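To keep things clear, I will list the structure first and then write my remarks on it.
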Amino acid sequence: MSPDRHADRLYARLAGGAELTSDERRHVATCADCQRAVADVARLDEQLRAATASLASEPIPDADLEPLDAPAPGWIAPLGVAIAAGLIAVAVGFGISQLRPPTGADASPTAAPSMAGERTPAPSPSPSVSPMPEPTPSVTPLASGGEACADGEAGFAIVVPDGWYANLRLGDLMACSYLAPSPFDPLDAANDAPIRLTTSVDPTPPGTLIDHAIGDSSADEWTVERDGEEWRVTVYPLRAMVGDQASFLHLATRAADEAANDAVRAIRERLTISEPLRIEGDAVADAEGLFADADVCSDLERGVNVIFPDAWWTNTVLGDLQACSYFAPGSFEVVDEGSVPDGVAITLEVVTGNIGTIEEILGFETLVVDQHAATRWELTPGLGDPPPDTRTYQYAVELDDTPDDGPNLVLTVSSERSDDYERDKAVLDEMMRRLIISPTPPYVRDLEPLPSCGWELVERTVEGDRHDADARTCLWDAYEAGEPAELVSTSQSVEGTIIRVIYRILGPDEIEFIVDWSHDLGQRPWDLMRCTGLERRADDELTGAILFDPTQCDSPIQLDP
């Protein structure tokens, strides 16, 4: 990501002896990249500091620190260092958060550790497809006996019978479509599960009618012949609509399979129909449009890679606040690490223990998020505080196989904080489709932070791959100068899998090249290579980005999470 497009203008004004306006001061106060670049100038320009020390004597008024509606973060070229010192002191004193710099302007490494929440710029004229992790059938989680299985789009839930397994929603595959007495691959086209659930606008099951009766709970019970076999099918009316047509849930099993029929009876006793999880209006199309130009936030501490709209803002590290904790359609300030800043639409946190709620569940779904079992639901308090019309839309992703006491990744949209609740729900859905979970090896987590050139998302388009020119120029300049810097790059392989690379310039002829292969075919461990150089190759013709490869590297060292 890159710094501010206004850098040249600010430099020219300050070099000419002008003072920063209130808007410019507010901009620098909310831009940690600006503050860090200014701090570098302060260290390098001690003589200018002494000559202009009087400029820092007057503090910036509190009013000047009010956030702009849409400030564009960036950095300021060399300016009066005493002014810089004053701005830094004010920014630190008021706990201003850092905003993620936008794409499309000059870049320079930011001091490490970085400090907070950033914006990405207006979408580029060439729409691109942001990468999504490919499902890996061999590790696809299932719901097992006694656990809930629910589909939010259809609006129903069951409890899986003891000794049975059910699939979770995976892309377009409906949750609970298949139930079997042993673990199975839900993506296997040859899957012959004994119990099957489907939805249809037709209340009559396919096949030759043998018998029909009105069953319990307004359900119709059918016996039909299919390919020479007798099937028993129970049909339930759903509340979900397909266009302007009603829809129905078909619960089917072979009549001759006694164990499956016993399991079906247990399913019917606890099957519930609910309102589907809906997103109203044009919000889905609006969210998809936002992802035509995407950005990425990499949190190595928690092991998540979040792809989000390039026009939105996120935070980098601020004290104990991890990167990628907040996402917003506009800029925001982190004044108190313990409270969600104004303007933040989506929050991300890791919570230990089982995720439960005392609020009313309006609808929920069990699904797979990047090879992990997850739940999404919409809640309302019903009574008390907050107001009864408040809505919460939330995903909880199990980060290990101990959901009762293990860590869960929780992402939330609240109607109390959102200025467009339906849009933000749709944006969260798109983020979750692209979420990459990759536990970071202890070696990588414990690395000394380096000045950051940001996070790069290599976007695949019909014209070719688009690299981040500013982030790569930042790293290349640091390499040529022999100065420390770091860049995290996320890209898509030819096979469609996700690969993440960390470039670390430690100094002259000293480079660490770390590759996260966890989402590549074969799910290899992370690799660490120590190299002595970067070799420049042909530049990216679409963005002008400098393309390079590490050279003179030692043999890879495997790093297990």
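The values are calculated or read from the model by the stated rules, or taken from the named source; none is laboratory data. Model, not experiment: these values are computed from the prediction. Reconstructed Cβ throughout: ideal geometry from the backbone, glycine too, with neighbour counts over all protein chains shown.
Laid out as a table, the results:
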quantity	calculated
Residue satisfying condition, being of a type outside the set (Val, Ile, Thr) and over 30 Å from Leu409 (Cβ atoms), within set Arg278, Arg254, Arg239, Arg302	Arg254
Residue in segment 180-190 that is touching a strand residue (DSSP E or B) at 6+ places or on another chain (Cβ under 9 Å), of a type in the set (Ser, Thr, Tyr) and not in a loop (DSSP other than H, G, I, E, B) present	no
Residue that is nearest to the chain's Cα centre (by Cα), among those in segment 307-348 that are charged (D, E, K, R) and surrounded by 13 or more Cβ atoms within 10 Å (Cβ to Cβ)	Asp310
Subset of segment 407-441 [at pLDDT 95 or above, over 19 Å from Leu290 (Cβ atoms) and surrounded by fewer than 18 Cβ atoms within 10 Å (Cβ to Cβ)]	Val410
Some residue of segment 512-524 being touching a residue at least 12 places away in the same chain (Cβ under 8 Å), closer than 20 Å to Pro484 by Cα and touching a Ser or Thr at 6+ places or on another chain (Cβ under 8 Å)	no
Residues of segment 478-521 that turn out to be outside any strand (DSSP E or B) and surrounded by fewer than 17 Cβ atoms within 10 Å (Cβ to Cβ), as a count	12
Residues that are over 20 Å from Thr314 (Cβ atoms) and of a type in the set (A, V, I, L, M, F, W, C), drawn from segment 451-492	Val462, Ala469, Leu475, Trp476, Ala478, Ala481, Ala485
Subset of segment 233-288 that is within 21 Å of Arg423 (Cα to Cα) and among the small types (Gly, Ala, Ser) - its residue that is modelled with the lowest pLDDT	Gly281
Test result for Ala259, buried (at least 21 other Cβ atoms within 10 Å of the Cβ) and farther than 30 Å from Val515 by Cα	no
Qualifying residue in segment 378-385 (condition: without any contact (Cβ under 8 Å) to a residue 24 or more places away in the chain, of a type in the set (Ser, Thr, Tyr) and crowded, with 16+ Cβ neighbours inside 10 Å)	yes
